[in-house]
Amino acid sequence: MRRLFALLVMIALAGAAWYYWRYRPADVQEARAALGSVGSKLQATKTAAAVKAALELDRDLNRHPIDVDSGDQEGIVILRGEVPSEDLRVAAERRAAAVPDVGQVRNELRVNPAMPPAEESGRTLGESFDDRALEAKVKMAFSLNRELRGTDLEVRSFRRQVTLAGEVDSPAQRQLAVEVARRTSDVAGVADQIVVRGQAAPAAPTATPVATPAAPPGARSGAATGWNDPFLATL
């Protein structure tokens with residue numbers, strides 16, 4: 001009888017565990033949904049960074065200010081900025097569409113024939129990859145701040161000097177965006193070109209340098225190349 005009773009208890013416990021897993025509380029489901037949302041954002045950021053790298057490897061496209069944003073749905077990327085010809089606009093879309101994990105490209109590039117001739121960027125291939133990864137990191141920092149969620153901010157990096165553009169709803173959001181970017185690891189400085197809706201655009205970017213902590217004894221001098229950055233390891 002004792003063995004039978006113990007067996008019945010074990011069956012009851014197993015049934016309760018299965019019932020809890022099948023019909024678990026809403027807060028557990030919400031937590032799983034939140035984790036899934038973060039995973040989707042990470043994947044979208046990774047895909048956007050891959051598209052940036054592909055554009056940077058194209059010598060006809062890497063001289064032009066093309067910004068890549070991740071869309072609302074996984075696998076969607078948005079191209080923004082200006083190029084001097086329709087041929088380059090189409091080439092950018094084709095290059096982005098060829099990147100793995102890209103399901104759709106929203107080409108919002110503007111054709112501006114009056115653009116001055118593009119100059120050589122002066123960056124090495126490693127520096128270009130570092131800048132693309134840094135742009136993705138700053139955008140991720142924005143997406144993980146509830147006060148900046150939904151803002152239309154553009155991030156461009158040149159040798160770890162980050163330029164912020166786009167529109168926000170208030171001066172407080174603008175100040176917060178600059179502070180979040182300034183505190184993002186590997187950012188050397190921030191130039192503010194953000195526009196507050198309803199206000200005039202700033203006459204010139206306001207550069208905010210970032211203090212670099214002193215290196216410990218024995219550490220290598222010079223800026224980090226970013227190749228050992230854990231973020232790049234996911235690309």
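Observations
- Residue 68 vs. criteria crowded, with 18+ Cβ neighbours inside 10 Å, closer than 25 Å to residue 134 by Cβ, over 14 Å from the mean Cα position of the chain (by Cα) and of a type in the set (Val, Ile, Thr): no
- Residue within the stretch 147-156 that is farther than 16 Å from residue 45 by Cα, outside any loop (DSSP other than H, G, I, E, B) and touching a Lys or Arg at 6+ places or on another chain (Cβ under 9 Å) present: no
- Selection count, the stretch 143-158, where residues are in contact with a strand residue (DSSP E or B) (Cβ under 7 Å, 6 or more places away or on another chain) and in contact (Cβ under 8 Å) with a residue 40 or more places away in the chain: 4
- If the condition is being of a type in the set (Gly, Ala, Ser), open to solvent by 60 Å² or more (accessible area, probe 1.4 Å) and either closer than 21 Å to residue 67 by Cα or in contact with a strand residue (DSSP E or B) (Cβ under 8 Å, 6 or more places away or on another chain) (or both), then the stretch 165-188 contributes only 185.
- Where residue 93 falls short, out of the listed (1) surrounded by fewer than 21 Cβ atoms within 10 Å (Cβ to Cβ); (2) within 16 Å of residue 123 (Cβ to Cβ); (3) touching a Leu at 6+ places or on another chain (Cβ under 7 Å): (2)
- Some residue of the stretch 147-156 being closer than 20 Å to residue 65 by Cβ, buried (at least 18 other Cβ atoms within 10 Å of the Cβ), within 17 Å of the chain's Cα centre (by Cα) and at pLDDT below 85: yes
- Within the stretch 46-65, tally of residues that are open to solvent by 30 Å² or more (accessible area, probe 1.4 Å) and either on the phi > 0 side of the Ramachandran plot or of a type in the set (Gly, Ala, Ser) (or both): 1
The values are calculated or read from the model by the stated rules, or taken from the named source; none is laboratory data. Since the structure is predicted, the reported quantities are computational estimates derived from the model, not experimental observations. Note that each Cβ is placed from the backbone with ideal geometry, even for glycine, and that neighbours are counted across all protein chains shown. Just so you know, the surface numbers come from the protein's heavy atoms only, side chains and all, with ligands and any DNA or RNA stripped out. Shrake-Rupley method; radii C 1.70, N 1.55, O 1.52, S 1.80 Å.
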